[in-house]
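These notes concern the structure reproduced below.
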Amino acid sequence: MRPLTFPHHDAVEAFAAQADEFLAAVASCDDLQLLGASRCHGWALLDVLVHVRIGLQEMALGSTRRADGEPECDAATYWSEHPDNRDDDQVPHILWLRRTSSAYSRPSGALEHLRDAVTGAVGAVRAMPEGVIEFQGRRIRSGDFIGTWVVELAIHQLDLGLDDSPSGLAWARRTLEAVADAELPAGLEDRSAVLAGLGRAPAPTELPPAFPVSL
């Protein structure tokens, strides 16, 4: 991996914009659409929504956890492992997420919870001072922490399968290239490059062997 860092102020503004975009994208889907398949294998759009809502709630809480000492990871190396080791076996997490999503009588109920989570997370990030925090057992600079969520939201907005281009795609592309330590083809615009670099869609041109990567 190559180093990657995001300035705190830029990350705050990018996160607020991307969070609002993700919420608007989900809100544009009706209940039947939200029950359809997403680009995440085994996940419906509703599952993506619930996954993001849970993540934003964790993120808002994590934004308050100040840490002493130097950061242990940056905006690229953060993605080197998941705290629950789901990369070893994705099936238990997929089924857990399905069970959680199925608790709603209608997908629109999950949307209301997502709205609350977005409001809380954006407020927490705007109140967050620059510095180092501890999140998921590792120390990370605040700008990099927020930047990972810009990337997460942009990618999951693509996972909804809508015909749009999230504002955080440029940061997602930079993150994929830093994780792979390789460049995506310059001729690919960000949307196609990110989808291909993640293996979410067939690559329209040959990619470096380090791709696809998993975030």
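The values are calculated or read from the model by the stated rules, or taken from the named source; none is laboratory data. The model shown is predicted, which means the values in this text are computed figures rather than measured ones. A quick note on method: Cβ atoms are made from the backbone with ideal geometry, for glycine too, and the neighbour counts reach across all protein chains shown. Side chains are part of the model used for accessible areas, which takes the heavy atoms of the whole protein and leaves out ligands, DNA and RNA. Shrake-Rupley method; radii C 1.70, N 1.55, O 1.52, S 1.80 Å.
Looking at (1) out of contact with any helix residue (DSSP H, G or I) (no Cβ under 6 Å at 6 or more places or on another chain); (2) buried (at least 21 other Cβ atoms within 10 Å of the Cβ); (3) among the polar types (S, T, N, Q), which is the only condition residue 192 fails?
The failed condition is (2).
Please work out if residue 53 is more than 21 Å from residue 197 (Cα to Cα), at pLDDT 95 or above, basic (Lys, Arg) and out of contact with any Pro (no Cβ under 8 Å at 6 or more places or on another chain).
The answer is yes for residue 53.
Limited to the range 201-215, what total is found for residues that are open to solvent by less than 40 Å² (accessible area, probe 1.4 Å) and polar (S, T, N, Q)?
0
I'd like the full set of residues that are among the acidic types (Asp, Glu) and under 20 Å from residue 148 (Cβ atoms), limited to the range 36-64.
Answer for the range 36-64, where residues must be among the acidic types (Asp, Glu) and under 20 Å from residue 148 (Cβ atoms): just 58.
Restricting to the range 152-184, and then to whatever is in a helix (DSSP H, G or I) and of a type in the set (Asp, Glu), can you tell me which residue is least open to solvent (accessible area, probe 1.4 Å)?
Per the stated criteria, the residue is 159.
When both residues are 6+ apart or on different chains and their Cβ atoms are under 7 Å apart, which pairs have a first residue that lies in the range 1-29 and is on the phi < 0 side of the Ramachandran plot and of a type in the set (Lys, Arg), and a second that is in a helix (DSSP H, G or I) and crowded, with 16+ Cβ neighbours inside 10 Å?
Going by the 7 Å Cβ cut-off, the qualifying pairs are 2/178.
Kindly indicate whether residue 90 is touching a residue at least 24 places away in the same chain (Cβ under 8 Å) and at positive phi.
Considered against the rule, which asks whether it is touching a residue at least 24 places away in the same chain (Cβ under 8 Å) and at positive phi, residue 90 comes out as no.
Does residue 198 count as open to solvent by 10 Å² or more (accessible area, probe 1.4 Å), closer than 27 Å to residue 35 by Cα and either free of Cβ contacts under 8 Å to residues at least 12 places away in the same chain or under 14 Å from the mean Cα position of the chain (by Cα) (or both)?
So residue 198 fits the description; yes.
Look at the range 1-19 and say how many of its residues are open to solvent by less than 30 Å² (accessible area, probe 1.4 Å), among the aliphatic types (A, V, I, L, M) and either part of a helix (DSSP H, G or I) or touching a strand residue (DSSP E or B) at 6+ places or on another chain (Cβ under 8 Å) (or both).
Residues of the range 1-19 open to solvent by less than 30 Å² (accessible area, probe 1.4 Å): 4, 6, 8, 11-12, 14-16, 18-19.
In the following step, the residues that additionally are among the aliphatic types (A, V, I, L, M) were identified as 4, 11-12, 14, 16, 19.
Filter once more, keeping what is either part of a helix (DSSP H, G or I) or touching a strand residue (DSSP E or B) at 6+ places or on another chain (Cβ under 8 Å) (or both): 11-12, 14, 16, 19.
Count: 5.
Go through the range 30-50 and give me each residue that's at pLDDT below 95 and either on the phi > 0 side of the Ramachandran plot or under 13 Å from the mean Cα position of the chain (by Cα) (or both).
Listed by number, the residues that qualify are 40, 42.
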